[in-house]
Amino acid sequence: MSILIKNGRVVTVAEDTIADIYIEGETVVAVGKNLDYKADKVIDAAGMLVFPGGIDPHVHLSMPFMGTFSSDTYETGTRAALFGGTTTVIDFVLQTQGKSLKHALTDWQSRATGTALGDYSFHMAVTDFNEDTKAEIKQMVEEEGITSFKTFMAYKGALMIDDRQMVGLMKEVKKQGGMVTAHATNGDLIDFLVAKHRAEGKLSPLYHYLSQPEVSEAEASNRFAQLAHYTGCPAYIVHLTCEGALNAVRDMGKENYQVFAETCIQYLILDASLYEKDFEGAKWVMSPPLREKKDQDALWAGINQGLLQIVATDHCPFMWEQKLMGKDDFSKIPNGHPAIENRFELLYSEGVAKGKISLNKFVEVSSTNAAKIFGMFPRKGTIAVGGDADIVIFDPKAKHKLSAETHHMNVDYSGYEGWEVEGKVKTVLLRGKVAIDDNECKVEKGNGQFIKRKKVGNHF
Ligand code: URP
Ligand code: ZN
Ligand code: ZN
């Protein structure tokens, strides 16, 4: 099957030009003006923006967490991602303490294989670093194509590792050519504050927020960055939310070391006032929590200064009934919110359309940098000859409203109900196949492929 996309405004990190794209099978064969190929299908993209498919490197699909499972499966989650212009996601395999990495991987593979509609890859979350785990790192990198290793510096008693394990892991991951990533908040401080608030009978969602002050994230981000510098291990902070943590990343530059960092769409556009809505605030109970307006300003600046390379989602949806598990105690509300379908359009609308970021920066932080940092570039993350034909045709003039009534995520509310969005995903191609066209999904479950990733090198 061949496809010719005509006359779109093709935007990559380096280019912004009216051009045609010719695709054969799964691959881009030519990009240029007035291409003269006979194709099986011609798509007229005049007046449209044409972007590389979005990459969301932080999602949790069917994740066992806080006594339940996140409500999007690989089928519903990757379908929703495609509707929202995201063609590849990276999910987190969670090691069970006392069990092997391989054991967890097999579990995640059984949920994803034959189920996903969009392409996906895995990070490996190491929750129990010991001599046995250490021996598995090489196998993950060399054989499984899993080159990033997630750590939790919080969720004490469940997922958290201590600094001794962190240093051991960093040394081994560096040796094997991988990267360590962190949920960088101070688990002991948070644990202390959660216990204090519960003892005082302060049990509403607002106290989730007040149990994770900015210092809990700034301190852990600094500690993680310093340990990375000390070990020389490539490092990446997930879901960075606030000015203090951003400054920890910024300060590493003064020590001539780079720590990569992502923020998520919600931290750029939502703020902590939502926790004042009584239990409705549970919709936005996530960790770290939403922050202040001054943090939003810092994050937008951090994107433009290149300190934050990626805007992800940390998509981790729970049905309202699941959120009600914490009706009488904020510490029992499953942490997470849905955004996999909304990220690309919200970032365009709030970022590009409102003049906060350029079109090229949009492509960089929604797609290209994730492909580079996580070892999928240039196969993914750009529109270039030889790369996968993962392409979003985007109507910049179409205005619409976000709602749980129209979204495709398996969750019965929206964190962005009634939000007015400028710009809409029109057509999505995944590896040369039309996956979404005018609000219709054209691919079936099982269409998604697992993407093995390269070692971390100088590809950023
Ligand atoms: O609240 C969140 N972020 N839930 C998902 C797990 C994590 O910490 O990323
Ligand atoms: Zn996290
Ligand atoms: Zn997460």
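Numbers for the structure displayed
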| read-out | value |
| --- | --- |
| Whichever residue in the range 185-207 is away from ligand 3 (no atom under 16 Å from the Cβ) and part of a loop (DSSP other than H, G, I, E, B) and, among such residues, is nearest to the chain's Cα centre (by Cα) | ASN186 |
| Tabulated pairs, the range 307-319, first within 16 Å of VAL13 (Cα to Cα), second among the acidic types (Asp, Glu) and at pLDDT below 95, C-beta under 6 angstrom, 6+ apart or interchain | none |
| Failed criterion for PHE92 (all others in (1) within 16 Å of ligand 2 (Cβ to nearest atom); (2) of a type outside the set (Asp, Glu); (3) assigned to a helix (DSSP H, G or I) hold) | (3) |
| Residue match in the range 117-134 (condition: surrounded by fewer than 24 Cβ atoms within 10 Å (Cβ to Cβ) and at positive phi) | no |
| Search result, residues across the range 143-155 that are of a type outside the set (Phe, Trp, Tyr) and either within 13 Å of ligand 2 (Cβ to nearest atom) or closer than 19 Å to ALA371 by Cα (or both) | GLU144, GLY145, ILE146, THR147, SER148, LYS150, THR151, MET153, ALA154 |
| Flag if PHE69 is under 21 Å from the mean Cα position of the chain (by Cα), away from ligand 2 (no atom under 16 Å from the Cβ) and surrounded by 24 or more Cβ atoms within 10 Å (Cβ to Cβ) | no |
| Among residues of the range 265-302, those that are within 16 Å of ligand 3 (Cβ to nearest atom), free of Cβ contacts under 8 Å to residues at least 60 places away in the same chain and either surrounded by fewer than 15 Cβ atoms within 10 Å (Cβ to Cβ) or aromatic (Phe, Trp, Tyr) (or both), counted | 1 |
| Matching residues in the range 285-307 - criterion: being within 16 Å of ligand 2 (Cβ to nearest atom) and either within 18 Å of GLY351 (Cβ to Cβ) or not hydrophobic (A, V, I, L, M, F, W, C) (or both) | SER287, PRO288, PRO289, LEU290, ARG291 |
| Any hit, the range 244-264, residues being surrounded by fewer than 22 Cβ atoms within 10 Å (Cβ to Cβ) and in contact with an Asp or Glu (Cβ under 8 Å, 6 or more places away or on another chain) | yes |
| Residue count for the range 72-89, restricted to those that are surrounded by fewer than 24 Cβ atoms within 10 Å (Cβ to Cβ) and either within 16 Å of ligand 2 (Cβ to nearest atom) or in a loop (DSSP other than H, G, I, E, B) (or both) | 1 |
| Residue count, the range 141-173 (criterion: within 16 Å of ligand 1 (Cβ to nearest atom) and either touching a Lys or Arg at 6+ places or on another chain (Cβ under 7 Å) or under 23 Å from MET376 (Cβ atoms) (or both)) | 4 |
| Counted residues, the range 386-404 - those being part of a strand (DSSP E or B) and either buried (at least 21 other Cβ atoms within 10 Å of the Cβ) or small (Gly, Ala, Ser) (or both) | 6 |
| Top-ranked residue of the range 313-353 - restricted to ones that are of a type in the set (Asp, Glu), more than 15 Å from ligand 2 (Cβ to nearest atom) and not in a helix (DSSP H, G or I), ranked as nearest to GLN212 (Cα to Cα) | ASP329 |
| Criterion (in contact with a strand residue (DSSP E or B) (Cβ under 7 Å, 6 or more places away or on another chain), in a loop (DSSP other than H, G, I, E, B) and within 16 Å of ligand 3 (Cβ to nearest atom)) met by exactly one of ALA182, ALA154 | ALA154 |
| Enumeration of residues in the range 208-223 that are touching a residue at least 40 places away in the same chain (Cβ under 8 Å) and surrounded by fewer than 21 Cβ atoms within 10 Å (Cβ to Cβ) | GLU214, ARG223 |
| Output for the range 160-176, where each listed residue is surrounded by fewer than 22 Cβ atoms within 10 Å (Cβ to Cβ), hydrophobic (A, V, I, L, M, F, W, C) and in contact (Cβ under 8 Å) with a residue 60 or more places away in the chain | VAL167 |
| Residues (away from ligand 3 (no atom under 16 Å from the Cβ) and in contact with a helix residue (DSSP H, G or I) (Cβ under 7 Å, 6 or more places away or on another chain)) located in the range 45-60 | PHE51, PRO52, GLY53, GLY54 |
| Qualifying residue in the range 427-445 (condition: under 20 Å from the mean Cα position of the chain (by Cα), assigned to a strand (DSSP E or B) and under 30 Å from TRP284 (Cβ atoms)) | yes |
| Any strands (runs of 3 or more DSSP E) falling wholly within the range 1-51 and containing at least 1 residues that are under 14 Å from ASP395 (Cβ atoms) | 2-11, 41-44 |
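Residues are listed down the side, and each one gets a yes or a no for (1) surrounded by fewer than 24 Cβ atoms within 10 Å (Cβ to Cβ); (2) closer than 27 Å to PHE394 by Cα:
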residue: ALA312; (1), (2): no, yes
residue: PHE318; (1), (2): no, no
residue: GLN322; (1), (2): yes, no
residue: ASP329; (1), (2): yes, no
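The values are calculated or read from the model by the stated rules, or taken from the named source; none is laboratory data. Note that the structure is predicted; figures quoted are calculated from it, not measured. Glycine also receives a Cβ, built like all others from the backbone with ideal geometry; neighbour counts cover every protein chain displayed.
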